[in-house]
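The values are calculated or read from the model by the stated rules, or taken from the named source; none is laboratory data. These numbers come from a predicted model, not from an experiment. Here the Cβ is made from the backbone with ideal geometry for all residues, glycine too, and neighbour counts use every protein chain on show. Heads up: the accessible areas ignore ligands, DNA and RNA and are worked out on the full protein's heavy atoms, side chains in. Shrake-Rupley method; radii C 1.70, N 1.55, O 1.52, S 1.80 Å.
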Amino acid sequence: MNDLLDKLCQNRRLDRAEWRTLLEARHSLDRQDLFARGLEERRRWYGDQIYVRGLIECSNICKNNCLYCGIRRDNRSVTRYRLDRDTILACCGKGYGWGFRTFVLQGGEDPGLTPDWVAETVAAIKGRFPDCAVTLSLGEFDRDVYQLWFDAGADRYLLRHETADPVHYGRLHPPELTLAHRLDCLRNLKDIGYQVGAGFMVGSPGQSADTLAEDFCFLQDFQPHMVGLGPFIPQKDTPFAGEPAGTLEDTLILLSLVRLTLPKVLLPATTALGTIHPQGRELGIQAGANVVMPNLSPPAARDKYTLYDNKLCTGDEAAEHLAGLKQRLAAIGCTVAVHRGDFPNS
Ligand code: SAH
């Protein structure tokens with residue numbers, strides 16, 4: 001197995017059969033060696049500086065019905081909300097004071113967040129905080145909508161591909177959502193000039209060495225600037241309520257492998273990872289992650305953006321507790337960077 005890992009480190013790519021072999025045997029890899037390689041590669045590009053992004057969950061209204069997601073359309077137990085522009089700008093203002101220089105607007109696919117409203121909101125943020133980057137994570141739209149938002153000043157877009165295996169995609173999503181359309185969106189975003197984030201959940205129902213091999217082949221071909229990767233965590237009101245969560249170990253292994261495949265990638269240690277283990281994010285950073293995304297949403301909205309059960313929202317993952325996060329990072333030799341934190345050389 002180590003020969004495949006050496007090959008990955010030298011070439012930054014494996015063929016599909018090699019990926020399958022490596023992923024099938026990933027739990028018998030020497031983890032300390034793997035994590036050390038991931039950490040070394042992260043340090044080569046970023047040193048011990050961790051990039052922070054203020055996450056603003058702007059709406060939990062969603063027209064989609066993804067089987068894993070707690071804010072899916074059919075979940076009647078969610079109290080729905082949509083933030084207004086002044087509230088979003090106030091979140092940014094607070095975050096700016098705390099040192100955030102990237103704001104991420106994430107939400108369900110809410111028809112009320114019209115293309116023009118989003119464009120005007122992006123322009124308002126960029127007008128008031130010109131030294132900040134704006135990341136959008138609002139789902140699938142036509143190319144002209146992505147272009148409108150880019151022209152309004154949006155810098156980055158997060159759209160996890162969720163799984164690069166079309167059959168697996170069909171198990172996670174209703175029939176009207178397709179992998180082909182998701183990938184079209186990702187290609188359009190990159191073509192327009194966004195820094196683009198793909199990614200997937202670890203341990204989603206039906207995931208296997210085969211589907212993961214597809215994911216890694218996709219990542220090495222598409223070369224996203226960011227990869228969002230966190231454990232699947234069941235949410236009680238979804239069809240996957242009874243499914244097991246992804247594990248800490250598996251997430252750490254896959255984070256390291258992503259870092260070794262895409263050395264410069266912006267790689268968050270996610271809130272989901274922090275949710276399944278109290279030290280999850282620190283361990284993620286020590287396996288190769290270099291980004292954290294504290295929650296900058298208004299406290300009253302946080303317990304309504306319930307993608308999964310027990311989501312952390314009031315501890316050190318809350319943006320107002322940045323001091324606590326800094327302490328945790330200092331304990332593992334890391335500091336928080338106060339700048340936009342762009343993809344290197346973009
Ligand atoms: N509507 C946007 C944002 C989706 S929420 C979009 O379509 O991109 C952001 C991410 O949360 C999703 O891409 C998914 O990978 C993750 N997520 C959703 N439900 C989850 C769950 N139960 N456990 C872990 N992650 C989940």
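Below are the figures for this structure:
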| read-out | value |
| --- | --- |
| Nitroxide proxy distance, nm - points 7 Å out along Cα→Cβ at Thr114 and Lys236 | 3.8 |
| Mean-position separation - Cα centroids, region 123-179 and region 13-70, in angstrom | 19 |
| Eligible lysines near Lys236 by straight Cα distance, threshold 20 Å, same-chain separation 8 or greater | Lys63, Lys304, Lys311 |
| The chain, relative contact order in percent, only Cα pairs under 8 angstrom and at least six apart counted | 26 |
| Listed residues Ala330, Ala300, Ala287, most fluctuating in the chain (Gaussian network, C-alpha, under 10 Å) | Ala300 |
| For peptides 77-83, 47-53, sequence by mean Cβ density within 10 Å, most packed first | 47-53, 77-83 |
| For the chain, built as a Gaussian network whose Cα springs stay under 10 Å, the top-fluctuating residue of Pro166, Pro224, Pro205 | Pro166 |
| Lys94, Lys190, reordered so the largest accessible area comes first (probe 1.4 Å) | Lys94, Lys190 |
| Residue-normalised accessible area of region 1-120, expressed per residue, 1.4 Å probe, Å² | 46 |
| Label zone at Phe222 (point 7 Å along Cα-to-Cβ), backbone N below 16 Å, region 181-210 | 181-202 |
| Region 186-323 - percent of accessible surface contributed by carbon and sulfur, probe 1.4 Å | 53 |
| Ellipticity estimate at 222 nm from DSSP helix runs (n ≥ 4, -39,500 (n - 2.57)) divided over the chain, nearest 500 | -13000 deg cm²/dmol |
| Cysteines having no other Cys beta carbon under 4.7 Å from their own, within the chain | Cys9, Cys58, Cys62, Cys91, Cys92, Cys132, Cys185, Cys217, Cys313, Cys334 |
| Among Gly70, Gly54, Gly315, residue whose mean-square fluctuation peaks in a GNM of the chain (springs only between Cα atoms under 10 Å) | Gly315 |
